[in-house]
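One structure is given below, encoded as structure tokens.
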């Protein structure tokens, strides 16, 4: 059994039925009934901002989507801990996107395999699967 953190784009593609955009190894992890799948509160925050600026659209409100789809997909929400936030202070500045930095520190802090196509996470030492 492995524990996975789902990147925001991966979750959006799952929701929108764009599984063909997701790497085969990531799909295998998402479909494995033994996998523990986590979605960060940071991803929910990021989606909320994208929705409010018109960069993302869903047919239903975000709170409904999160409640129904996390349950349907067997995904739990990973809270943002104070210790993870404080650990950001020592994270190298390989990337300036605050959401990506928070996802990287959560993956490292909780020893999670990160389901993301974004190779910038490799420079942080995050175990990434795609």
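Can you tell me which of (1) touching a residue at least 12 places away in the same chain (Cβ under 8 Å); (2) under 19 Å from residue 19 (Cβ atoms); (3) surrounded by fewer than 19 Cβ atoms within 10 Å (Cβ to Cβ) is the one residue 77 doesn't meet?
If we test residue 77 against (1) touching a residue at least 12 places away in the same chain (Cβ under 8 Å); (2) under 19 Å from residue 19 (Cβ atoms); (3) surrounded by fewer than 19 Cβ atoms within 10 Å (Cβ to Cβ), just (2) comes out false.
Taking the criterion of being surrounded by 20 or more Cβ atoms within 10 Å (Cβ to Cβ) and touching a residue at least 60 places away in the same chain (Cβ under 8 Å), would at least one residue in the range 84-101 satisfy it?
Taking every residue of the range 84-101 in turn, none turns out to be surrounded by 20 or more Cβ atoms within 10 Å (Cβ to Cβ) and touching a residue at least 60 places away in the same chain (Cβ under 8 Å).
Of everything in the range 1-31 that's part of a loop (DSSP other than H, G, I, E, B) and touching a residue at least 12 places away in the same chain (Cβ under 8 Å), which residue is nearest to residue 118 (Cα to Cα)? It would help to see each step written out before you state the result.
Going residue by residue through the range 1-31, those that are part of a loop (DSSP other than H, G, I, E, B) are 1-2, 7, 16-18, 22-23.
Restricting the remaining residues to those that are touching a residue at least 12 places away in the same chain (Cβ under 8 Å) gives 1-2, 7, 22-23.
Numbers: 1: 24, 2: 20, 7: 9, 22: 11, 23: 11 Å.
Checked the range 1-31; the qualifying residue nearest to residue 118 (Cα to Cα) is 7.
A short reminder: the numbers here are calculations on the coordinates, not readings from a lab. Everything quoted here is computed from the prediction, not taken from an experiment. Every residue, glycine among them, receives a Cβ derived from its backbone with ideal geometry; neighbour counts consider all protein chains shown.
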